[in-house]
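Chemist: Shown below is the structure under consideration.
Read-outs throughout are calculated quantities, based only on the coordinates presented, and are distinct from any laboratory measurement. These figures come from a predicted structure and were not determined experimentally.
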Amino acid sequence: MTRFLFIIPLALIVSSASAQQQPGHDACARDVSRHCRAVMNNGDSAVLACLKQNRTRLSKACDKVLTDHGQ
């Protein structure tokens, strides 16, 4: 029982840390699934290129993330 109580907080810390590493992921997740599903397994650069090609169709939040990161 003690082991179980230790694992839950540890898992929450790890998952929140990984979410903080990719702040733009949430903003663009829906746009990627809508416009770039075909290239999702081809790596980050392929997804980024696809997002840039579909720039006019992206959500404002995703467009802002790309702009903020110099894309």
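Chemist: Go through the stretch 54-63 residue by residue and turn each phi into a ³J(HN,Hα) via Karplus (6.51, -1.76, 1.60, θ = phi - 60°); whole Hz please, and just put x for glycine and proline.
Modeler: 9, 3, 5, 9, 6, 5, 4, 5, 5, 4
Chemist: In whole Hz, what ³J(HN,Hα) sequence does the stretch 44-52 give by Karplus (6.51, -1.76, 1.60; θ = phi - 60°), x for Gly and Pro?
Modeler: Using θ = phi - 60°, the values come out as 5, 5, 5, 5, 4, 4, 5, 4, 5 Hz.
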